[in-house]
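The values are calculated or read from the model by the stated rules, or taken from the named source; none is laboratory data. Bear in mind that the values here come from a model prediction, so they are computed numbers and not experimental data. Accessible surface areas use protein heavy atoms only, side chains included; no ligands, DNA or RNA. Shrake-Rupley method; radii C 1.70, N 1.55, O 1.52, S 1.80 Å.
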Amino acid sequence: MKRAIALAVLAAALSGCASLAVRPCDSIAERDGKYVSRLFLGVLTLGISEAAIQQEQWLEAREGGRFCPPPVGWHGTPPPGAWQGPPPPGTRQGPPPRTAAVPRIPGVLVNATRWTINLYLDTDPATPDVLPFLVLRPGEGRQLSLVAGPHRFVANPIAETSGAPAPAVRYERQIQIDSRDRSFRLQLSEGEFR
């Protein structure tokens, strides 16, 4: 038993706490495995490792999910100009993108309703061929980071079953993210849908 514990501590120390940070692109199995590993590592290190892991998750949220590819909302061939993966090394030319130096503010979106919702960011859902930015299930929260400035959120509930109609309500809110903010939290509750 002592040998197994020593081996687990050694493996955790070699892999580092940062590898146990839960990312939005993790599969359910990866996420559950990380939580179990964090539990045992947290007990062995008296919780010190959890502080390091939380710091890593905060940094990743602030940097915009550096380990996750952007979400793909289409099937088949992507539309022209869509993200096709990182360019090959050494092919980048010209000045850096405008958003590269702009600070991003980490935050959390929480669905406190009993509906699954489509969430649109800075777009009008009535526009044809516009896909939702996020789909949040009831009680689900997602980390994201936004560039400082005004942002418009629009949320529409979607039908849970094939025969049931979706509620005919809509959430719309304009928020201002200040570059001095450390973080933000936006909780969508049923009372705010009209």
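Laid out as a table, the results:
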| item | result |
| --- | --- |
| Scattering curve values for segment 97-194, log₁₀ I(q)/I(0), Debye with Cα scatterers, q = 0.18, 0.20, 0.22 Å⁻¹ | -0.87, -1.04, -1.20 |
| Relative contact order (%) - segment 127-194, alpha-carbon pairs under 8 angstrom, separation at least six | 29 percent |
| Relative pair counts by distance (%), Cα atoms of segment 146-191, 10 Å bins | 21, 40, 25, 13, 2 |
| Within the accessible area of segment 134-194 (1.4 Å probe), percent carbon and sulfur | 47 percent |
| Heavy-atom accessible area ranking, 1.4 Å probe, most first, across F133, F153 | F133, F153 |
| Length added when fully stretched, R194-R170, from 0.36 nm per residue minus Cα-Cα | 8.1 nm |
| Other-chain or far-sequence residues with amide H under 5 Å of A148's (modelled H) | I105 |
